[in-house]
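Visitor: Let me give you the structure first, and then I'll get to my questions.
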Amino acid sequence: MNRGAVAQRRGVYPGTFNPPTVAHLAIADAARQQLRLQRVDLVLSRRPINKEHVDVPSFEDRLAVLEAVSERIAWLEVMVTEATLIVDIAQGYDVVIMGADKWEQVNDVRYYADEAARDDAVRRLPDIALAPRPLLAPPEDHPVTRGRVLELPAHFGNVSSSAARAGQDLWMLPEAAEFDRLSGAWTDTERYRRWSKSR
């Protein structure tokens, strides 16, 4: 590396992105700007915690849609991991991006051997970029002490992948909406299954 070169600050945003929404992109961009990141990696786990049952659309199709999103956004990359816990996925990054619900999960002792293991894992996290949701803020017993709660336009707080699957398809990113139009991946799972078998 050149002596004058500055190391890139990288953020990691783990999720299932099922489908990727305008809020996902807004959160990633807010983290990039507010925590001075040069790159944000959207990371898909092959074994997402509490979502092991997700099989429609397939992992490969969700990955392809995310890669299409990253192709039009210079600072966005897509990665795949075998890790399950956010504390493991975040290793080596400068910032980990997550919603308040995931921050509760990170602090939930049932995902660790004991409280000491939980506390050690949380201490090893990089800075945190936390996306607030309406009525869901960082719990008082687990405040965000490194990083920041992101400033986001209020209307993004109601956007969710589950609502997009339920018919709010305008909340999908264009690449996801186009794939859904083609296959029914999120709004018509039976059509998606037929489409998958026919290709």
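The values are calculated or read from the model by the stated rules, or taken from the named source; none is laboratory data. These numbers were taken from a predicted model, which means no experiment stands behind them. Virtual Cβ from ideal backbone geometry, glycine too; neighbours counted across all protein chains shown.
Visitor: Out of the residues in region 44-63 that are charged (D, E, K, R) and at pLDDT 95 or above, state the one that is nearest to Pro19 (Cα to Cα).
Guide: Only one residue fits best here, namely Arg62.
Visitor: I'm told Thr16 meets every condition in (1) closer than 20 Å to Glu175 by Cα; (2) hydroxyl-bearing (Ser, Thr, Tyr); (3) surrounded by 14 or more Cβ atoms within 10 Å (Cβ to Cβ); (4) over 12 Å from the mean Cα position of the chain (by Cα) except one. Can you identify the failing condition by its number?
Guide: Condition (4) is where Thr16 drops out.
Visitor: Filter region 92-117 down to residues that are in a helix (DSSP H, G or I) and small (Gly, Ala, Ser) and give me whichever is modelled with the lowest pLDDT.
Guide: Ala100
Visitor: For Ala64, are the conditions met, namely being out of contact with any helix residue (DSSP H, G or I) (no Cβ under 6 Å at 6 or more places or on another chain) and either assigned to a loop (DSSP other than H, G, I, E, B) or of a type in the set (A, V, I, L, M, F, W, C) (or both)?
Guide: Spelling it out, Ala64 is indeed out of contact with any helix residue (DSSP H, G or I) (no Cβ under 6 Å at 6 or more places or on another chain) and either assigned to a loop (DSSP other than H, G, I, E, B) or of a type in the set (A, V, I, L, M, F, W, C) (or both).
Visitor: So, of the residues in region 11-53 that are in a strand (DSSP E or B) and in contact (Cβ under 8 Å) with a residue 60 or more places away in the chain, which turns out to be farthest from Val80 (Cα to Cα)?
Guide: Ranking the candidates gives Thr21 first.
Visitor: Which condition from (1) within 20 Å of Asp101 (Cβ to Cβ); (2) at pLDDT below 95 is the one that Ala7 breaks?
Guide: Exception for Ala7: condition (1).
Residue-by-condition table, conditions (1) of a type in the set (Phe, Trp, Tyr); (2) at pLDDT 90 or above; (3) in a helix (DSSP H, G or I); (4) more than 23 Å from Gln105 (Cβ to Cβ):
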site	(1), (2), (3), (4)
Leu130	no, yes, no, no
Glu140	no, no, no, no
Pro143	no, no, no, no
Ala164	no, yes, yes, no
Leu170	no, yes, yes, yes
Glu178	no, yes, yes, yes
Arg181	no, yes, yes, yes
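Visitor: Quick check on this structure: which one of Ile49, Ile97, Ile89 is buried (at least 18 other Cβ atoms within 10 Å of the Cβ) and closer than 27 Å to Ala166 by Cβ? It would help to see each step written out before you state the result.
Guide: Working: Ile49 fails: buried (at least 18 other Cβ atoms within 10 Å of the Cβ); Ile89 fails: closer than 27 Å to Ala166 by Cβ.
Answer to the selection: Ile97.
Visitor: For region 76-109, which residues satisfy the criterion of being without any contact (Cβ under 8 Å) to a residue 12 or more places away in the chain and hydrophobic (A, V, I, L, M, F, W, C)?
Guide: Val109
Visitor: So Ser70 ticks every box in (1) assigned to a loop (DSSP other than H, G, I, E, B); (2) of a type in the set (S, T, N, Q); (3) closer than 27 Å to Tyr192 by Cα but one. Which box is left unticked?
Guide: Here Ser70 clears every test but (1).
Visitor: Looking at region 67-76, can you tell me whether even one residue there is of a type outside the set (Gly, Ala, Ser) and farther than 19 Å from Arg32 by Cβ?
Guide: The answer is no; no qualifying residue exists.
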